[in-house]
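The values are calculated or read from the model by the stated rules, or taken from the named source; none is laboratory data. Computed from a prediction, not measured in an experiment: that's the story for all the values here. For neighbour counting, all protein chains shown are included, and Cβ atoms are generated from backbone atoms with ideal geometry for every residue, glycine included. Accessible surface is based on the protein model in full, side chains and every heavy atom, while ligands, DNA and RNA are left aside. Shrake-Rupley method; radii C 1.70, N 1.55, O 1.52, S 1.80 Å.
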Amino acid sequence: DNARAITAALAGHPRIARIDYPTLVNDREQRRIRDAQCSAPGALFSIELKGGKAAAFDFLRRLRLARNAVSLGGVETLVCHPKTTTHSGFTEEEFRTAGITDGLVRFSIGVEDWRDLLADFERALEQA
């Protein structure tokens with residue numbers, strides 16, 4: 001529910017080029033597959049920031065609540081830059097195929113109040 005509320009609130013933000021999250025899929029076939037396979041959209045999503053790697057790193061540095069980490073096995077919100085962390089071994093072709101850009105930031109939303117997280121994300125977006 002936290003991720004769903006946050007992505008809905010961030011949709012259309014002028015500094016975000018795209019949001020990848022199951023409830024925001026517009027393609028009819030993708031919606032059919034989602035509905036057939038998922039009971040809920042989950043806590044993971046990604047955003048692609050306009051401005052590339054510099055914008056992504058500025059955003060990550062400005063966050064106060066979310067932790068910049070790949071995985072700590074806890075319930076807190078984590079964010080990371082996939083191109084330089086989890087997928088750093090990819091070739092340029094693999095990055096393109098997977099849709100992993102310099103401006104991509106991945107979120108694993110935790111149990112914090114979604115309104116606090118949204119305020120943190122919006123503040124970091126405005127300052128980036």
| note | Only unsatisfied item for residue 60, checking (1) in contact with a Cys (Cβ under 9 Å, 6 or more places away or on another chain); (2) closer than 21 Å to residue 122 by Cα; (3) without any contact (Cβ under 8 Å) to a residue 40 or more places away in the chain, is (3)
| message | Checking the condition surrounded by 12 or more Cβ atoms within 10 Å (Cβ to Cβ), more than 15 Å from the chain's Cα centre (by Cα), within 16 Å of residue 13 (Cβ to Cβ) and in contact (Cβ under 8 Å) with a residue 12 or more places away in the chain, which residue from 51, 103 passes? | response | 51
| note | Taking segment 107-128 and keeping only residues that are in a helix (DSSP H, G or I), open to solvent by less than 20 Å² (accessible area, probe 1.4 Å) and of a type in the set (Gly, Ala, Ser), one is left with 124
| remark: Exactly one of 102, 113 is of a type in the set (Asp, Glu) and within 13 Å of residue 6 (Cβ to Cβ), and that residue is 113
| Single unsatisfied condition, residue 21 versus (1) within 20 Å of residue 114 (Cα to Cα); (2) in contact with a helix residue (DSSP H, G or I) (Cβ under 6 Å, 6 or more places away or on another chain); (3) open to solvent by 30 Å² or more (accessible area, probe 1.4 Å); (4) free of Cβ contacts under 8 Å to residues at least 40 places away in the same chain | (3)
